1. Regarding region A:78-85, can at least one residue be identified that is among the aliphatic types (A, V, I, L, M) and away from chain B (no Cβ under 14 Å)?
2. Mind checking which strands (runs of 3 or more DSSP E) fall wholly inside region B:60-168 and carry at least 2 residues that are buried (at least 16 other Cβ atoms within 10 Å of the Cβ)?
3. Which of the following residues is among the aliphatic types (A, V, I, L, M), within 22 Å of residue A:18 (Cα to Cα), open to solvent by 10 Å² or more (accessible area, probe 1.4 Å) and in contact (Cβ under 8 Å) with a residue 60 or more places away in the chain: A:89, A:74, A:110, A:116?
4. Any idea how many residues of region A:93-138 are within 24 Å of residue A:57 (Cα to Cα), β-branched (Val, Ile, Thr) and part of a helix (DSSP H, G or I)?
5. Restricting attention to region A:303-328, which residues are of a type outside the set (D, E, K, R), within 17 Å of residue A:372 (Cβ to Cβ) and open to solvent by 10 Å² or more (accessible area, probe 1.4 Å)?
6. Taking residue A:312, is it within 14 Å of chain B (Cβ to nearest Cβ), aromatic (Phe, Trp, Tyr) and under 28 Å from residue A:229 (Cβ atoms)?
7. Within region B:6-24, track down each residue that is open to solvent by 30 Å² or more (accessible area, probe 1.4 Å) and either modelled with pLDDT of 50 or more or facing chain A (nearest Cβ under 7 Å) (or both).
8. Among the residues of region A:245-269, count how many are under 24 Å from residue B:163 (Cα atoms) and either open to solvent by 30 Å² or more (accessible area, probe 1.4 Å) or without any contact (Cβ under 8 Å) to a residue 24 or more places away in the chain (or both).
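The values are calculated or read from the model by the stated rules, or taken from the named source; none is laboratory data. All figures in this text were calculated on a predicted structure; none of them were measured in a lab. Note: ideal-geometry Cβ built from the backbone for every residue, glycine included; neighbour counts use all protein chains shown. Remember, those area values only see protein heavy atoms, side chains included, never the ligands or the DNA or RNA. Shrake-Rupley method; radii C 1.70, N 1.55, O 1.52, S 1.80 Å.
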Amino acid sequence: MNLDVHALRTFSQLAHSGAEKAAWSLSQLTGIETLVNVTKVELGTAADVECEFREHDFVSVRIGFSGGIDGRTILAFDRDGAQDVVEAIMPGVEAGDELATSGLKEVGNIMLGGFIDGWADHLDTSIDITTPTYLDVDSDGPLDDFSMGDDPQQEDDHVLVFRNQLETVGKPVTFYLYMVPTAGAVETIVDTATDSEEALPIETFTAFSEMIAEGAEQASADISAMTGTEAVVDVSRLSFVPIEGVPMQIADTTRVGVVLEFTGIPSGYIAILFDESSSERIASALLPGSDAGEAMRQSAIQEIGNIITSGFLDGWANRLETTIEISTPRFVHDLGPAIIDPLATELAQTQDYAFLIDSTIRTNTDEFTCDIYALPNQVELRKALDQLTAQPV
Amino acid sequence: MEVYRSEPPARRTTDRIKVGIADFAVGDDESRLSTSGLGSCVGIALYDERAGVAGLAHAMLPGGEGKDDVAKYVDTVVPALIAKMESEGASGRRLRAKLAGGSTMFEFDSTDRSVGDRNVAAAHETLAEFDIPIDAEDVGGDHGRSLELDGSTGDLHVRSASVGEHTI
């Protein structure tokens, strides 16, 4: 299976218009005005997806589809969001009881049906959907019994996931619409979109995704060594997003961290962000016993930013057999989306979509959480991917 | 009044209208239009007090000749916003503007001139072309901003992490 930026754009646009149909369906059904915030095309493993569902304590509805294309689609709410939706369609019904469950199944049916209709329209084909299955914490995972190809799904098999973040306008409820096509379905769609000259085998993207995961592991190990607190990689993701979607997916809260520029193959920008209390705790961990002033705290954050960036990127340079230079970390304390916005804007001057790398590292004790966002420049990333393609597997 | 969106029309159930990045929206005198996370991006608020029509745009880059994504660029989003407001009963001659954003949060080695500065300059230029006076602005600096436009007064509330909240 080969993929290129054109195919990914087509996927992204299809998923976005499908999600808009789904949002519109929900608005019609419940009167809850809903907008599609961000659409991402992600390359992950089935295990990543299952893990995300467990960690977010999602309440979700799953629907299978087949015909013109095959796969699975899932609507996921956090628990409070599910209650709000149930309340809107059936006032007085408690979440968790049978009526609420069937209400959510109906919402899932309507939204996911709308979503799949969008794809069927574009591909000029017909797609059948199965009856909805309600999934709760104790039930099956979202991808149980799902397989990309003819062989049974393995935990570390790569899947292409379309992840749409939707948001209601009044009371803010965020929910997610996932679509995981089978390999055959991806091929069908790619055939209509790919410029074969530029396409890269999906294994290249897989290798890149693994390289990112290794970088995050190294960064996490370095943080553990520096702070003396065991840190783990929570998420490590490679996704393809419209450039304006990069800042939009970030919560509108105040963050502390650093921003750096990296140059080489590839070049781009990195932001390493902590929430305010995490940054306080990490600065204290690095400056034990001293009554450090603001300037010392800032330089402690810059130092950890440097360490994380090196950990994150050194492995890339080794793997790609290139040199990646890192600028001095710039300290930042501002609204999260406003920090990312100038980075996305720099790239927006030459590209409409971006590969976004995001990783979350946190301690088991929840002492701190650290988000790493990397935005490589598309042209140089392409060179890096070519380099990966040329390497023996 | 219906709220403009590029997606299918949703039944309107709230007076709060969220404007994304590379996006714009129009509301009435009961609307509160908000947009968050302006770094180098610029927010352009237009208001026709008599008609009670308010519009807010969140543009990423100064110029967009030949591009189809009108909402992404200052020079294309301003005429689109004006046209939409006029279709909702506003008069181009009565429109007044407020600007916020366009900061230079970081100076990168790879950039020549700050996108924030260029965005603000493009907003001045484009509004001048349409003879729209700028009543107030909170632009530049090195901090981010989130905005809320009050459709009943034309007040633009500007929130930032470092400077706090104020109204222009």
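1. So far as region A:78-85 goes, yes, one or more of its residues are among the aliphatic types (A, V, I, L, M) and away from chain B (no Cβ under 14 Å).
2. Correct list: B:96-101, B:134-139, B:145-150, B:156-160.
3. When all the criteria are applied, what remains is A:110.
4. 3
5. A:306, A:307, A:310, A:315, A:317, A:324, A:326, A:327, listed by residue number.
6. No: the conditions fail for residue A:312.
7. B:7, B:8, B:11, B:12, B:13, B:15, B:16, B:18, B:23, listed by residue number.
8. 6
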